[in-house]
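Report on the structure given below.
The values are calculated or read from the model by the stated rules, or taken from the named source; none is laboratory data. Keep in mind the model is a prediction, meaning the values are calculated, not measured. Cβ placement follows ideal geometry from the backbone for every residue including glycine, while neighbour counts extend to all protein chains displayed.
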Amino acid sequence: MFGWLGSLVLGLGVGLVLLLANFAVSSLLVGLALTTTALGTLLPMLRDRGLMDTKFGSHLTAAGAAGEFGPVVAVTVLLGAASPAIEALLLVLFVFLAIGVALLAARHSRHG
């Protein structure tokens, strides 16, 4: 989590530089975009090299999950729509959906 927060700070800094140079319209949007990960790309590489069940694989998967989930939550909260109540409800539904998918994936990986 601290790694993702560090990436967020760096991404916001890059976004601010791009905004001041008139290359971006929102430093927040650029910063959040720079903090995302491509976990779907990393997982097959870890699996092919037999690294999924190692300490490195566990740490990379956890960091990748934070890099996928953190920007989605931040965009929802910080760049939200007009109704905070609906926004909060959608965020809660998303969290429950993400937990359900994670549990399903964990159960599948134990049986597969």
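Quick look at the numbers
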{"quantity": "The lone exception for residue 107 - which of (1) under 12 Å from the mean Cα position of the chain (by Cα); (2) without any contact (Cβ under 8 Å) to a residue 12 or more places away in the chain it fails", "calculated": "(1)"}
{"quantity": "Residues of region 36-62 satisfying the condition of being of a type in the set (A, V, I, L, M) and assigned to a helix (DSSP H, G or I)", "calculated": "39, 42, 43, 45, 46, 60, 62"}
{"quantity": "Test for residue 101: is it at pLDDT 70 or above and either under 21 Å from residue 33 (Cα atoms) or not hydrophobic (A, V, I, L, M, F, W, C) (or both)", "calculated": "no"}
{"quantity": "Single match in 93, 42, 29, 51 (criterion: surrounded by 15 or more Cβ atoms within 10 Å (Cβ to Cβ) and at pLDDT 85 or above)", "calculated": "51"}
{"quantity": "Residues of region 20-79 satisfying the condition of being within 18 Å of residue 9 (Cβ to Cβ) and not hydrophobic (A, V, I, L, M, F, W, C)", "calculated": "26, 27, 31, 35, 36, 37, 67, 70, 71"}
{"quantity": "Output for region 12-70, where each listed residue is of a type in the set (Asp, Glu) and within 24 Å of residue 96 (Cα to Cα)", "calculated": "68"}
{"quantity": "Criterion: part of a helix (DSSP H, G or I) and either in contact with a His (Cβ under 6 Å, 6 or more places away or on another chain) or over 26 Å from residue 2 (Cβ atoms) (or both) - qualifying residue of 33, 65, 85, 105", "calculated": "85"}
{"quantity": "Residue list for region 1-26, filter: crowded, with 17+ Cβ neighbours inside 10 Å, within 30 Å of residue 105 (Cβ to Cβ) and out of contact with any Leu (no Cβ under 8 Å at 6 or more places or on another chain)", "calculated": "4"}
{"quantity": "Residue match in region 58-65 (condition: modelled with pLDDT of 80 or more, touching a Ser or Thr at 6+ places or on another chain (Cβ under 6 Å) and buried (at least 16 other Cβ atoms within 10 Å of the Cβ))", "calculated": "yes"}
